[in-house]
1. Once phi is turned into ³J(HN,Hα) by the Karplus curve 6.51 cos²θ - 1.76 cosθ + 1.60 with θ = phi - 60°, what whole-Hz value does each residue of region 102-118 show in order, with x for glycine and proline?
2. At a probe size of 1.4 Å, how large is the accessible area of residue 192, to the nearest 10 Å²?
3. Could you give the nm distance between label points at residue 126 and residue 66, where each point is 7 Å from its Cα heading toward the beta carbon?
4. Keeping every protein chain in place, order 71, 201 by accessible area at 1.4 Å, biggest value first, i.e. largest first.
5. Just the number, please: Stokes-Einstein D of region 158-214 in µm²/s, Kirkwood Rh from C-alpha pairs, 37 °C, 0.692 mPa s.
6. Contour minus end-to-end for residue 197 and residue 117, with contour as 0.36 nm per residue of separation and end-to-end as the Cα-Cα distance?
7. Length gain on complete extension for the stretch residue 156 to residue 179, per 0.36 nm per residue less the alpha carbon to alpha carbon distance?
Amino acid sequence: MRLAQLIVLGLVMGVAAGWWLQRDGEPSDGAAAHSPAVVAADHAHAVPAEQTATAIAAPAPAATGDTPSGLLLPVQGIAPSQLQDTFTDARSEGRVHDAIDIMAAAGTPVLAVADGHVEKLFDSKRGGLTIYQFEPSGRWCYYYAHLQRYADGLAEKQTIKRGDVIGYVGSTGNANPEAPHLHFEVHALGPEKQWWKGESLNPYPLLKKGDGGD
């Protein structure tokens, strides 16, 4: 009986030891949190690495000298020497002008500065009668404001050529009636090609280096 009891006791101790060894080998609560199933759940809503890199990457700078060229001076009879750079002039409500004002008598023909089409005809509180022109590549937008009136028959989506009469100098909008002029802007369009949205470029050097005529 003593030998049999010793054998039984040995078997019991062996089973117990195996159970303790198995228990010690189980992951703790902390380790379980990083098991493959839990890790997958943790990253179910994570931003992929390539998207994160895209989101934080700085926008590519515009190429040096990447501006429209060969622009016609948009007011008939005005020479490049008569232009004044008003691009950075202050305006009401803390605004910057972002344009050039070309002074001329009311009714002076306004000319298309380049080939393109009429993207939008718009009557705004500040700009009065305005024209937004896109050039063929869709990279640049030309904005003409304070017009007295449009050229007869001018319509949106109409193709226009450099030098075409598209309107007449005036003082509509918030312009001073005693100082009629053309407010002219150049915009670099974004990929959305939205007529109301773009990066303003200073028209003064672009018009000064033009020949001013056809």
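1. Once θ is set to phi - 60°, the couplings for region 102-118 become 10, 6, 6, 5, 4, x, 5, x, 9, 10, 5, 6, 7, 5, x, 9, 7 Hz.
2. Its heavy atoms expose roughly 100 Å² to the probe.
3. My value for the distance between the label points is 2.6 nm.
4. Values: 71 0, 201 30 Å².
Listed by decreasing accessible area, they come as 201, 71.
5. On the way: Rh = 14.1 Å.
Rounded, D is 234 µm²/s.
6. Numbers: separation 80, 0.36 × 80 = 28.80 nm, distance 1.70 nm.
Full-extension gain reported as 27.1 nm.
7. Details: separation 23, 0.36 × 23 = 8.28 nm, distance 2.82 nm.
Taking 0.36 nm per residue and subtracting the Cα distance, the gain is 5.5 nm.
The values are calculated or read from the model by the stated rules, or taken from the named source; none is laboratory data. Here the structure is a predicted model, which is why all the values come from computation and not from measurement. Glycine also receives a Cβ, built like all others from the backbone with ideal geometry; neighbour counts cover every protein chain displayed. Ligands, DNA and RNA are stripped out before the accessible areas are found, and what is left, the full protein with its side chains, is counted by its heavy atoms. Shrake-Rupley method; radii C 1.70, N 1.55, O 1.52, S 1.80 Å.
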